[in-house]
Amino acid sequence: VFSNVARAPEDPILGVTVAYNNDPNPVKINLGVGAYRTEEGKPLVLDVVRKAEQLLVNDPSRVKEYIPIVGIADFNKLSAKLILGADSPAIKENRVATIQCLSGTGSLRVGAEFLKKHYHQGVIYIPKPTWGNHPKVFNLAGLSVEYFRYYDPATRGLDFKGLLEDLGAAPSGAIVLLHACAHNPTGVDPTSEQWEQIRQLMRSKSLLPFFDSAYQGFASGSLDTDAQSVRTFVADGGECLIAQSYAKNMGLYGERVGALSIVCKSADVASKVESQVKLVVRPMYSSPPIHGASIVATILKSSDMYNNWTIELKEMADRIKSMRQQLFEAIQARGTPGDWTHIIKQIGMFTFTGLNKEQVEFMTKEFHIYMTSDGRISMAGLSSKTVPHLADAMHAAVTR
Ligand code: LMR
């Protein structure tokens with residue numbers, strides 16, 4: 001009965017790792033998926049995560065019962081506090097519904113399903129370009145996806161005028177997907193003044209912000225700075241949705257731990273919203289897993305562990321920044337034609353190099369460098385040892 005099923009293509013991001021794994025050449029580098037690697041090119045489990053896991057394993061009171069549909073209560077409270085800030089009026093007034101979900105993707109999907117059922121506008125505007133999974137998540141939830149201008153290839157920066165024009169022309173009430181910080185794939189973020197202008201425009205048109213916060217702490221090294229865009233919107237008392245992921249900032253990729261927060265106008269509305277989100281979750285995966293969220297709650301609850309986490313987080317962010325500097329200098333040293341200052345100007349995990357599909361294919365074929373076909377490289381996958389090889393490849397691709 002399945003003989004007519006056509007083979008699907010690999011995922012544009014995760015498929016890069018499949019191709020990398022199949023390449024026997026030892027010089028190969030995987031700069032595709034956004035996953036942190038050490039200077040030795042190894043995945044990193046944070047010390048503070050190992051400590052939290054030990055505490056959990058040694059706690060005899062822990063059982064493996066089902067947890068509530070909305071997840072672990074402490075985890076939810078602490079996640080809202082992390083993104084909104086300890087003194088957020090929305091938290092104090094009890095008008096935030098937070099639900100533990102399966103990392104960022106799961107949080108986006110649950111939020112989208114909720115909106116499809118309970119929100120009057122079925123259209124979501126997403127930036128062009130954006131993370132490749134965004135349109136699929138929202139389409140499959142039944143929302144219709146439109147794009148707003150975001151990136152200007154000429155300046156390799158923000159197309160702020162285009163952004164304002166497109167959001168200004170969006171229908172009243174449309175949902176707008178915003179990257180809270182470290183825009184993926186471009187590494188280009190609005191300034192705080194630009195965020196304020198975006199907020200004013202969106203509120204004046206009743207556009208509903210849906211933040212994807214996948215890199216809190218990774219862009220600047222500071223958890224508070226990277227949450228500023230979200231907090232600006234929440235401070236005005238209006239509604240918004242936030243999808244949080246702990247994949248990158250706690251290195252919990254495969255534990256699939258994240259949260260969806262829906263900021264409402266009153267405590268009564270928030271509790272009704274939460275009751276409806278439960279109806280979305282129950283038929284989808286019933287209730288979330290325990291382990292990853294318990295690690296996060298253990299760390300966020302203890303001021304010592306929290307402080308240790310911020311130190312390790314800053315070390316990761318700093319290593320990425322140093323990779324930017326080293327790659328930029330290596331390109332300069334080779335005299336590669338073009339302006340490459342965007343490598344040090346862009347922020348977060350990725351550099352949107354400006355290399356085209358043919359150049360990327362050439363680098364993969366000749367230099368065994370794996371990256372997404374849009375020219376995005378994960379700076380977190382680079383090390384001092386691999387920078388020269390990447391710079392050689394980029395130079396050859398640009399000058400051939
Ligand atoms: C990425 O963009 O590489 C990450 O967000 C990982 C993923 O799931 O695509």
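Bear in mind that the values in this text are calculations on the coordinates, not laboratory data. All values reported here derive from a predicted model rather than from experimental measurement. When we count neighbours, we look across all protein chains shown, and the Cβ atoms used for this are built from the backbone with ideal geometry, even at glycine.
Some notes on this structure:
- Longest site-free stretch - the chain; sites: chymotrypsin sites (Phe, Trp or Tyr not before Pro), DSSP loop, at most 12 other Cβ within 10 Å: 67-400
- Modelled this way, with points 7 Å down the Cα-to-C-beta line, the labels at Thr341 and Glu93 are 4.3 nm from one another.
- Using a cutoff of 8 angstrom between alpha carbon atoms and counting only pairs six or more residues apart, the relative contact order for the stretch 73-301 works out to 29 percent.
- For trypsin sites (Lys or Arg not before Pro), the sites in the stretch 17-105 that DSSP calls loop and that have at most 10 other Cβ atoms within 10 Å are Lys64.
- With both residues required to sit in the stretch 73-301, DSSP beta bridges show an antiparallel share near 45%.
- Across the cross-link table entries Lys117/Lys272; Lys42/Lys136; Lys42/Lys314, which are compared at the Cα atoms, the separations over 20 Å belong to Lys42/Lys136.
- Amide H within-cut-off set for Val176, under 5 Å, with H built and near neighbours excluded: Tyr125, Leu208, Phe210
- Within a Gaussian network of the chain (alpha carbon springs, distance under 10 Å), most fluctuating of Ser378, Ser88, Ser302: Ser302
- Computed over the chain: relative contact order in percent, which uses C-alpha pairs under 8 Å that are six or more apart: 25
- Taking every DSSP helix (H) stretch of at least 4 residues in the chain, weighting each as -39,500 (n - 2.57) and dividing the sum by the residue count yields a mean residue ellipticity at 222 nm of -14000 deg cm²/dmol.
- Whole-Hz Karplus values for the stretch 296-312 come out as 4, 4, 4, 6, 5, 6, 9, 5, 5, 5, 4, 4, 4, 4, 4, 5, 5 Hz, taken residue by residue from phi with 6.51 cos²θ - 1.76 cosθ + 1.60 and θ = phi - 60°; glycine and proline positions read x.
- Gyration tensor verdict on the stretch 73-301 (Cα atoms; rounded if a/c is under 1.5, prolate if a/b is larger than b/c, oblate otherwise): rounded
- Within a straight-line Cα-Cα reach of under 17 Å, Lys365 can be paired with the following aspartates and glutamates, leaving aside sequence neighbours fewer than 8 residues apart in one chain: Asp23, Asp374, Asp392.
- GNM top mover of Leu279, Leu46, Leu102 - the chain, alpha-carbon springs below 10 Å: Leu279
- Bridge type composition, the chain - antiparallel percent by DSSP, nearest 5: 50
- Karplus-derived HN-Hα couplings along the stretch 254-265 (A = 6.51, B = -1.76, C = 1.60, θ = phi - 60°), whole Hz, x at Gly and Pro: x, 7, 6, 10, x, 8, 10, 10, 10, 8, 10, 8
- Cβ-Cβ FRET estimate between Glu165 and Arg62, R0 fixed at 60 Å, reported to 0.05: 0.65
- Here the 3J(HN,Hα) profile of the stretch 13-24, calculated from phi with Karplus coefficients 6.51, -1.76 and 1.60 at θ = phi - 60°, is 9, 5, x, 5, 5, 4, 5, 4, 4, 7, 8, x Hz, Gly and Pro shown as x.
- Lysines with Cα under 19 Å of Lys205, excluding same-chain neighbours fewer than 8 positions away: Lys161, Lys265
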